[in-house]
Amino acid sequence: QVQLVESGGGLVQAGGSLRLSCATSGGTLSTYTMGWFRQAPGKEREFVARIRWTGGIPFVVDSVKGRFTISRDSARNTVYLQMNSLKPEDSAVYYCAAAADVWAVTASRFDYWGKGTQVTVSP
């Protein structure tokens, strides 16, 4: 059974950095695309970034481009989200997800989800 476990969230001041990790296990995800989403209270879950285990080009949304970087370590079966220059509006629960559709950008297209990790950015 596929499991995705996020870690690395926490409380940070504006301008600071955090690196989120998503450890995967229990299945073969080598052909999947891995994504990061976030959800703030009262808001819809928002796509942030995606990456494939092999090939392809990492993709991040415009709102975080230049600040967030998605990467992977295939040997560790782990995907990362490096977040720099954090802003209070980045505060949310961040979720890791996996999709068989390598072009997926909407939550409904992702097949597996982690439980999330809280990121709070203070002014």
What's the total number of residues in segment 9-39 that are within 22 Å of ALA99 (Cα to Cα) and open to solvent by less than 60 Å² (accessible area, probe 1.4 Å)? 17
Residues in segment 60-85 that are over 20 Å from GLY16 (Cα atoms) and touching a residue at least 12 places away in the same chain (Cβ under 8 Å) total 6
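How about segment 64-121: which of its residues are among the β-branched types (Val, Ile, Thr), under 15 Å from SER30 (Cα atoms) and surrounded by fewer than 17 Cβ atoms within 10 Å (Cβ to Cβ)?
VAL102 - this is the single residue of segment 64-121 that is among the β-branched types (Val, Ile, Thr), under 15 Å from SER30 (Cα atoms) and surrounded by fewer than 17 Cβ atoms within 10 Å (Cβ to Cβ).
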For the subset of segment 111-123 comprising residues that are small (Gly, Ala, Ser) and assigned to a loop (DSSP other than H, G, I, E, B), which member is nearest to VAL12 (Cα to Cα)? GLY116
Looking only at segment 48-57, which residues are open to solvent by 20 Å² or more (accessible area, probe 1.4 Å) and within 11 Å of the chain's Cα centre (by Cα)? ARG50
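The values are calculated or read from the model by the stated rules, or taken from the named source; none is laboratory data. All values derive from a computational prediction rather than experimental measurement. Neighbour counts are summed over all protein chains in view; Cβ atoms, including those assigned to glycine, are modelled from backbone coordinates with ideal geometry. When the accessible area is computed, the model is the full protein with side chains, heavy atoms only, and any ligands, DNA or RNA have been set aside. Shrake-Rupley method; radii C 1.70, N 1.55, O 1.52, S 1.80 Å.
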